[in-house]
Structure formats: C-alpha cells, structure tokens
Amino acid sequence: MNITDIMIHINETLNEEARTSLEDTMRKVEGVVSPRFNAGKEHLLMVAFDPDKIKAVALLEKTRAAGYTAQLVSM
C-alpha cells in the first residue's frame with residue numbers, strides 16, 4: 001500500500017463539531033487512512049490516503065459534497 005498526503009484548504013470557518021464531522025466523513029472513504037485538522041490551522045484538512053484506491057481530486061470533491069468551498073493546496 002502506498003500512502004501520500006494532501007492538504008485541502010476550506011474557505012468556511014468550521015467549529016469543532018463541523019471539523020469532527022468532516023473527519024468522520026472522510027474516514028469512511030475507501031483508501032483514506034487519516035484525515036485530520038491541526039490546532040491553529042482549522043482551515044486546513046490533511047488527508048493521508050492510498051492513491052491506488054482514491055485520487056486527490058476525488059477527496060476534494062468529497063469535501064465539496066459535504067457543503068464546503070475548498071481547494072487542493074498540495075498534492
């Protein structure tokens with residue numbers, strides 16, 4: 001299994017409940033290993049994933065489907 005990380009910038013301000021909910025949503029996606037927000041960087045969602053199972057752009061679309069305006073910061 002290959003693991004890589006991407007960073008997704010979310011334009012909206014997310015409270016703790018919204019961040020936890022989005023992490024839980026992403027965790028259910030096949031190929032996602034670890035979605036996480038870091039303290040002090042609440043607009044940045046780091047996602048460790050297996051690129052053989054899912055592509056970065058699909059993770060961005062999952063974020064947008066959750067109702068957020070978002071962009072990939074790094075791939």
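Worth pointing out:
- Under a model in which nothing but the beta-carbon of Lys, Arg (+1) and Asp, Glu (-1) is charged, the stretch 4-74 shows a dipole of about 100 debye around its Cα centre.
- The chain, relative contact order [Cα under 8 Å, separation at least 6], %: 46
- Ellipsoid equivalent to the chain - semi-axes via the Cα gyration tensor, in Å: 19, 12, 12
- Per-residue packing, averaged as other Cβ atoms within 10 Å, sorts the ranges 25-34, 53-62, 10-19 into the order 53-62, 25-34, 10-19, beginning with the highest.
Here, each number is a calculation from the coordinates, and none is a lab measurement. The shown structure was predicted, so the numbers you read here are calculated from the model rather than taken from an experiment. Don't worry about glycine lacking a Cβ; one is built from the backbone with ideal geometry, like all the others, and counts go over all protein chains shown.
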